[in-house]
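To start, the structure under review is shown below, and the notes come after it.
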Amino acid sequence: MPTYQYICKHCQHEFEEFQSIVEEPISKCPKCGEKPQRLITGGAGFLLKGSGFYTTDYRSASYKKDAANDKPPIPKTDTAKKSDTSAKKISKD
């Protein structure tokens with residue numbers, strides 16, 4: 001549920017109210033009893049992290065290329081020696 005901000009034009013009292021979206025705006029100022037005005041606010045920003053969100057899953061090709069260049073290189077294994085020994089076993093028969 002969102003938190004709404006109000007200001008009373010009569011007494012200048014500012015307050016917040018935790019309300020459901022479907023509830024009617026507050027009709028009485030808690031300080032003077034006059035009708036307050038609900039303010040339009042930016043609210044709190046939030047950042048979506050992890051897989052499944054646009055900012056992490058749909059990056060540009062240049063971003064992915066730069067990110068791949070930042071990774072440490074994968075150590076190479078010596079596959080030539082393994083294939084040479086298996087070839088020798090086959091050739092002995």
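Gain on full extension, evaluated as 0.36 nm per residue between Thr77 and Val22 minus their Cα-Cα distance, stands at 13.5 nm.
Just to confirm a number: summing +1 for Lys and Arg and -1 for Asp and Glu over residues other than Gln5 whose beta-carbon lies under 11 angstrom from that of Gln5, what do you get? Local charge sum for Gln5: -2.
No value in this document is a laboratory result; all are computed from the given coordinates. Note that the coordinates shown come from a computational prediction; the quantities given were computed from them, not determined experimentally. When we count neighbours, we look across all protein chains shown, and the Cβ atoms used for this are built from the backbone with ideal geometry, even at glycine.
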